[in-house]
């Protein structure tokens, strides 16, 4: 492999990571709307109820795509355009944000006691 091939591979990997992380965060912002319900259980209302959030997410989705596909921005951000398959894989990997399931958290504090053998052991001994 020539040196240029390694640089292209590194730039492609950087672009792939950038795109995956950006879309993961967008999906996660929607998933964190409710502490007790999954975003899909809220229906369309969960996605578009807050119009300003919806508009800001849509504009924020356009910005990374502009970084990828406006060639004047590529050298500034050190990215390269992705193929349709690479975009699909980034999108698919970003969907893992929806695997985070909201649920009820216990409000009671659970006290963990040390094992019987450690209860009489002094908690702070000087180092010798």
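How many nm is it between the label spots at residue 6 and residue 34, if each spot is 7 Å from the Cα in line with the beta carbon?
In this crude spin-label approximation the distance works out to 5.2 nm.
Could you calculate the contour length gain from residue 86 to residue 62, that is, 0.36 nm times the residue separation minus the distance between their Cα atoms, to one decimal place in nm?
6.9 nm
Any idea what the alpha-carbon Rg over 2.2 N^0.38 Å comes to for the range 1-97?
1.28
Here, each number is a calculation from the coordinates, and none is a lab measurement. Nothing here was measured: the structure is a model prediction, and the numbers come from that model. Reconstructed Cβ throughout: ideal geometry from the backbone, glycine too, with neighbour counts over all protein chains shown.
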